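Working notes for the structure below.
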Amino acid sequence: MKSKKALIFGITGQDGSYLAEFLLKKNYVIHGVKRRSSSANTERIDHIFDSINFKSKNFFIHYGDITDSSSTLGLINKIKPDEIYNLAAQSHVRVSFDIPEYTANSTALGSLRILEAIKNLNLSDTKYYQASSSEMFGKQTKGKSQNEKTPFHPMSIYGVSKVFSYHTTIYYREAFGIFACNGILFNHESPRRGPTFVTKKIVQALVRIKLKKQLTLSLGNLYAVRDWGHAKDYVESMWKILQYKKPDDWVIATNEEMTVKEFINICAKKLDIKLIWKNKGIKEIGIDKNTNKIIIKIDKKYFRPGEVDYLKGNYYKAKKLLKWSPKYKSNDLINDMIKYELDLHE
Ligand code: NAP
Ligand code: GDD
């Protein structure tokens, strides 16, 4: 049987790298888009693609940029993929407050550029996956989990941009018959998570503190609740979404909830750091009982002008129809992330 062709925008990111590995195992030919960068940005995929050794003959990388219509259209025209995964975005919520216009250009308009290309090239058999986000739910009532019917109330330009892409995806499906789908993915992490996202920042810092290579960790809001899954599980859902009999929109989550502070406490315990919390608000500190030193501080620069306090996803629809469920529990995710950091220091 002929191999399917997948085009992945955002292949150098956390999810792009796991998705590429997953699809290669399914015998896909992978085309990935990377941005021009003055320093190396292919660390997460170098084990698959190596420009010297050509480790995989089914793996091709192209320069492109989701903010550039001509390169986006040109690549789609040249490759004529069976499946397009749009994972490219300025994906950091905190950074979207600093660079709102660029965030909107990449995270909102990027989807429009790809969908316009599919439409104008008459690629009626090409399927489209949009990396939508639980950040779209934004302001929510504590205790109530979110599903496909929960109204959006974004609290950042990142969230607003993802809502634009979400509706654009549905519009191209309904107006032009494109097989275009939204995966509304809740937070998912891994050893490959970018270092400024909170889980990676915590794990990296606590491991270094344990090994006496770092003194303190500064954080923002410790009381936000998130539903953290493992990226490896979540890329499988992306593929399943495009294999379903009809295009649709899907919540992908674990239905587990945890505050940032609980995440820290679990990591500290696993690293045998005896953590004692003192004070409240901006003065809150975490003290290592063994050394009596302050190892966690609050820094107001990490607070956001708009915060999302509570995210917990109900993935009942995906479980029932896609037969998708997360294999990793939060405990397995944390073990995986800690092991990776510890191994780096061996
Ligand atoms: P990530 O690690 O930040 O990866 C983002 C990818 O997009 C990188 O490959 C990045 O390239 C690329 N990119 C950024 N701007 C681009 C541009 N202008 N043109 C082309 N490529 C560009 O994010 P991730 O965690 O893998 O997430 C993948 C997608 O899912 C993102 O759209 C994100 O918003 C969304 N999402 C993520 C989560 C989550 O919890 N991880 C949850 C819901 C939705 P560089 O490597 O060059 O920066
Ligand atoms: N990054 C960061 N750094 N977050 C902190 C910090 C800190 O020092 N201190 C506290 N937090 C809190 C944030 O305020 C937020 O409530 C929570 O930790 C999680 O922050 P991030 O890890 O940056 O993730 P996010 O939830 O804002 O966004 C991620 O998940 C979205 C899905 O809901 C990103 O992956 C988005 O791309 C994704 O769409």
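Quick one: in the stretch 98-132, of everything that is under 20 Å from the mean Cα position of the chain (by Cα) and open to solvent by 60 Å² or more (accessible area, probe 1.4 Å), which residue is farthest from ligand 1 (Cβ to nearest atom)? This residue is 98. Residues in the stretch 31-57 that are open to solvent by less than 30 Å² (accessible area, probe 1.4 Å) and either within 13 Å of ligand 1 (Cβ to nearest atom) or modelled with pLDDT of 95 or more (or both): 5 in all.
Please work out which one of (1) within 11 Å of ligand 1 (Cβ to nearest atom); (2) over 17 Å from residue 171 (Cα atoms); (3) surrounded by fewer than 21 Cβ atoms within 10 Å (Cβ to Cβ) is the condition residue 135 fails and give its number. Of (1) within 11 Å of ligand 1 (Cβ to nearest atom); (2) over 17 Å from residue 171 (Cα atoms); (3) surrounded by fewer than 21 Cβ atoms within 10 Å (Cβ to Cβ), only one is false for residue 135: (3).
Residues that are free of Cβ contacts under 8 Å to residues at least 40 places away in the same chain and more than 14 Å from ligand 2 (Cβ to nearest atom) within the stretch 74-98 comprise 74, 78, listed in sequence order. Does residue 16 satisfy being within 13 Å of ligand 1 (Cβ to nearest atom), in a helix (DSSP H, G or I) and on the phi < 0 side of the Ramachandran plot? Against the criterion (within 13 Å of ligand 1 (Cβ to nearest atom), in a helix (DSSP H, G or I) and on the phi < 0 side of the Ramachandran plot), residue 16 qualifies.
Can you tell me which residue in the stretch 251-289 is most open to solvent (accessible area, probe 1.4 Å), limited to those that are in a loop (DSSP other than H, G, I, E, B) and closer than 29 Å to residue 96 by Cα?
Quick first cut of the stretch 251-289, residues in a loop (DSSP other than H, G, I, E, B) only: 253-257, 271-274, 279-280, 284, 289.
Still in the running and closer than 29 Å to residue 96 by Cα: 253-257, 280, 284.
Numbers: 253: 0, 254: 14, 255: 66, 256: 57, 257: 87, 280: 172, 284: 9 Å².
Checking each candidate, the answer is 280.
Among the residues of the stretch 191-208, what is the count of those that are open to solvent by less than 20 Å² (accessible area, probe 1.4 Å) and either closer than 22 Å to residue 155 by Cα or within 10 Å of ligand 2 (Cβ to nearest atom) (or both)? Residues in the stretch 191-208 being open to solvent by less than 20 Å² (accessible area, probe 1.4 Å) and either closer than 22 Å to residue 155 by Cα or within 10 Å of ligand 2 (Cβ to nearest atom) (or both): 5 in total.
In the stretch 214-226, which residue that is away from ligand 1 (no atom under 16 Å from the Cβ) and not hydroxyl-bearing (Ser, Thr, Tyr) is surrounded by the fewest Cβ atoms within 10 Å (Cβ to Cβ)?
Just the residues of the stretch 214-226 that are away from ligand 1 (no atom under 16 Å from the Cβ), to begin with: 214-223.
Still in the list and also not hydroxyl-bearing (Ser, Thr, Tyr): 214-215, 217, 219-222.
Details: 214: 14, 215: 11, 217: 19, 219: 21, 220: 17, 221: 16, 222: 17.
Of everything passing the filter in the stretch 214-226, 215 is surrounded by the fewest Cβ atoms within 10 Å (Cβ to Cβ).
Taking the numbered list (1) open to solvent by less than 80 Å² (accessible area, probe 1.4 Å); (2) on the phi > 0 side of the Ramachandran plot in turn, residue 292 passes all entries but (1). Can you name every residue in the stretch 19-30 that is within 16 Å of ligand 2 (Cβ to nearest atom) and assigned to a loop (DSSP other than H, G, I, E, B)? Residues satisfying the conditions do not exist here. Going through (1) open to solvent by 50 Å² or more (accessible area, probe 1.4 Å); (2) free of Cβ contacts under 8 Å to residues at least 60 places away in the same chain; (3) farther than 30 Å from residue 317 by Cβ one by one, residue 211 falls short only on (2). In the set (1) free of Cβ contacts under 8 Å to residues at least 40 places away in the same chain; (2) open to solvent by 60 Å² or more (accessible area, probe 1.4 Å), residue 301 fails one condition alone, (1). Taking the criterion of being hydrophobic (A, V, I, L, M, F, W, C) and closer than 22 Å to residue 13 by Cβ, the residues of the stretch 138-165 that qualify are 157, 160, 163, 164.
Look at (1) modelled with pLDDT of 95 or more; (2) open to solvent by 20 Å² or more (accessible area, probe 1.4 Å) and you find that residue 28 fails only one, number (2). When 176, 186 are checked against the criterion of being surrounded by fewer than 23 Cβ atoms within 10 Å (Cβ to Cβ), modelled with pLDDT of 95 or more and closer than 30 Å to residue 127 by Cβ, 176 stands alone in meeting it. If the condition is being over 18 Å from residue 158 (Cβ atoms) and in a helix (DSSP H, G or I), then the stretch 64-112 contributes 69, 70, 71, 72, 73, 74, 75, 76, 77, 78, 79.
The values are calculated or read from the model by the stated rules, or taken from the named source; none is laboratory data. Computed from a predicted structure; not experimentally measured. Don't worry about glycine lacking a Cβ; one is built from the backbone with ideal geometry, like all the others, and counts go over all protein chains shown. Side chains included, ligands, DNA and RNA excluded: accessible areas come from the protein's heavy atoms. Shrake-Rupley method; radii C 1.70, N 1.55, O 1.52, S 1.80 Å.
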